Amino acid sequence: MSRNPGTASPTPPRSMALIGTLGGIAMMSGLLVATTFQLTRERILQNRREALERAVFKVLPEATGRRSFFLNEEGLQALPDDALGQASLYAGYDDSGALTGVAIEGSARGYQDVVKVLYGYSLERECITGMTVLQSSETPGLGDRVETDPAFQANFECLDARLNPESTALVHEIVTVKHGKKTDSWQIDAISGATVTSTAVGRALQQSASEILPLLHRYEAALYENTAEERTSP
Amino acid sequence: MMKDPRAPEALSWSVFTQGIWRDNPVFVMLLGLCPALAVSNTASNALAMGLATTFVLLCSGVLVSLLRKVIPKQVRIASYIIVIATFVTIVDYAIQAISLELYKALGAFIQLIVVNCIILGRAEAYASKNHVINAFVNALGMGVGFTFAMLCLGVVREVLGSGTLFGVSLFGPDFQPWAVFVLPPGGFFILAFWLFLFAVLKKRKQVRMAGRQPKSETEKEVARAT
């Protein structure tokens, strides 16, 4: 085609018109998105809270109430009830106010993306008593079975997570072994066909447990303080 | 006779049905295959993806059609993308508000509706040249066609791959699911079967029409799709 201005199509619109149109559309877009964000924000936060709440009571089945705590090197602080997102662990209590267990998050890289799990830990028995997946994009039908497979879930009836006498590290590292090769109570029997995800769950538990449990045992007294008040029921 | 490509089309029944059967986005035009293959592993994911896409198609079709006289053609694609991205973000928030489970299942594919060529294709080829009512009806037809195609894939994959339909177990606990069908390869297998079926149907129709119409349907369809 000729680039000769004499035969060219009608003169292009001035840049200002183009910028104005794009700017106008972008502003309208921003307005719509911001409105939707405002309208759905409460609901989305509520959904997230409920999902986490469900997970906490799933790994701590005996609990009827829970409190959130923030744990670091300095100690264990109770958090207000609405601070569910910032908590590093959740303590579950039964009707009489006795501690039934602690729910802790862990994460490790899986087959597709990071697998985030929540596990229940019993201070009394020093073992992991339940595990549920908070976030994963593992292969449907294979990797996502770590959440539903009854045989795999049976690993977490009482998975050994004892600390050494000085309470500085786990006596036995939590490891995932090949399907059918489990011999010890600190081993996780992998799902055949979903070894990568099973291993990721094991690593998530090992990393989180070896980091959090020594601290938790050092500051566990805070878990028993004024348990009667400020508890939330499911 | 050549029709002026910018001339608006009169509203007719075929404006709606075009997307459902004759120009079905997935089975005939082979557009939007990425989400069609990726999130059709269960019937409910397929349905949700279909509805989300339909919503974006409708809203962006209407808005693009309303703005068709305002948008200079030099910046039209950029404008369409902004419009589409806006509605995709709205759907994204809406799904999070409706159900986090569903949001987890659909994953990144909600955001990727932005680059679904069905939507940009409709905005460019139809909504930007037609009256807003036509654009709405056409987008609705395309959305229904896409949802229909998603369900065709999703139902078969879920029944074979998990032995369930919309999460309800069909064959009892003894059924050994054919897991490959919920995995990515299963998507390709099932899509191939449906494409085969559609090709056979089209061929038969062509044979029937051959006596009446000298010009082949395929040529016209190829011209339309490209």
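Leaving out ligands and nucleic acids, note down the accessible area per residue over chain A with a 1.4 angstrom probe, in whole Å².
54 Å²
Would you mind computing Rg(Cα) / (2.2 N^0.38 Å) for segment A:43-230, counting N as its residues?
Here the answer is 0.99, to two decimals.
For chain A, what is the mean residue ellipticity at 222 nm derived from helices alone (per DSSP H run of n ≥ 4: -39500 (n - 2.57); sum divided by total residues; nearest 500 deg cm²/dmol)?
Computed mean residue ellipticity for chain A: -11500 deg cm²/dmol.
For the protein assembly as shown, compute Rg over Rh where Rg is the Cα radius of gyration and Rh is the Kirkwood radius from the inverse mean 1/r over Cα pairs.
1.09
Enumerate by residue number the trypsin sites (Lys or Arg not before Pro) in segment B:140-216 meeting two conditions: DSSP loop (anything except H, G, I, E, B), and at most 14 other Cβ atoms within 10 Å of the site's Cβ.
On the way: sites: B:157, B:202, B:203, B:204, B:205, B:208, B:212, B:215; in loops: B:212, B:215.
Those that pass, being in a loop and sparsely packed, are B:212, B:215.
Considering only DSSP beta bridges whose two residues both sit in the protein assembly as shown, what percent are antiparallel, to the nearest 5?
Values: 35 of 38 bridges.
If I count the DSSP bridges inside the protein assembly as shown, around 90 percent turn out antiparallel.
Residue B:152 accessible area, nearest 10 Å², 1.4 Å probe?
Roll a 1.4 Å probe over it and residue B:152 shows about 10 Å².
Kindly report, to the nearest 10 Å², the accessible surface of residue B:80 as traced by a 1.4 Å probe over protein heavy atoms only.
Residue B:80 has an accessible surface of roughly 10 Å² with all protein chains in place.
Could you pull out which residues in segment B:154-170 have an amide N less than 19 Å from a spot 7 Å beyond the Cα of residue A:151, following the Cα-Cβ vector?
B:162-163
Expressed as a whole percentage, what fraction of the accessible surface of the protein assembly as shown belongs to carbon and sulfur atoms when a 1.4 Å probe is rolled over the protein heavy atoms?
Roughly 62 percent, rounded to a whole number.
By Kyte-Doolittle mean hydropathy of at least 1.6 and Cα axial length of at least 20 Å, which whole DSSP H helices of chain B are selected?
B:43-66, B:76-98
Near the amide H of residue A:109, under 5 Å away, which other amide H atoms are found, from residues 5 or more places off or on another chain, if H is placed in the peptide plane?
For residue A:109, whose amide H was placed from the backbone, the distant partners under 5 Å are A:115.
Segment B:38-79: which residues show an accessible-area loss of 20 Å² or more, assembly versus chain alone, 1.4 Å probe?
B:41, B:63, B:67, B:72, B:74, B:75, B:79
Given a Förster distance of 35 Å, report the FRET efficiency between residue A:211 and residue B:176 from their Cβ-Cβ distance, rounded to the nearest 0.05.
On the way: r = 41 Å, r/R0 = 1.16.
Computed FRET efficiency for residue A:211 and residue B:176 comes out at 0.30.
Measuring from label point to label point, each 7 Å out along Cα→Cβ, what is the residue B:199 to residue B:117 span in nm?
Distance between the two pseudo-spin positions: 1.8 nm.
Below 13 angstrom from the Cβ of residue A:33, what's the summed charge of the other residues (Lys, Arg +1; Asp, Glu -1)?
Here the charged neighbours net out to 0.
If I model a spin label at residue B:212 and residue A:183 as a point 7 Å from the Cα along the Cα→Cβ vector, what separation in nanometres do I get?
The two pseudo-label positions are separated by 7.8 nm.
Any chance you could look up the accessible area of residue A:25 with a 1.4 Å probe, heavy atoms only, rounded to 10 Å²?
Approximately 10 Å² for this residue.
Counting protein heavy atoms only and a 1.4 angstrom probe, how many square angstrom of accessible surface do chains A and B bury in total, to the nearest 100?
2100 Å²
Which loop-located trypsin sites (Lys or Arg not before Pro) does segment A:49-99 contain, where loop means any DSSP state but H, G, I, E or B and the Cβ has at most 13 other Cβ atoms within 10 Å?
none
The values are calculated or read from the model by the stated rules, or taken from the named source; none is laboratory data. Owing to the predicted nature of the structure, the values given are computational and were not obtained by experimental measurement. Don't worry about glycine lacking a Cβ; one is built from the backbone with ideal geometry, like all the others, and counts go over all protein chains shown. For accessibility, only protein heavy atoms count, side chains too; no ligands or nucleic acids. Shrake-Rupley method; radii C 1.70, N 1.55, O 1.52, S 1.80 Å.
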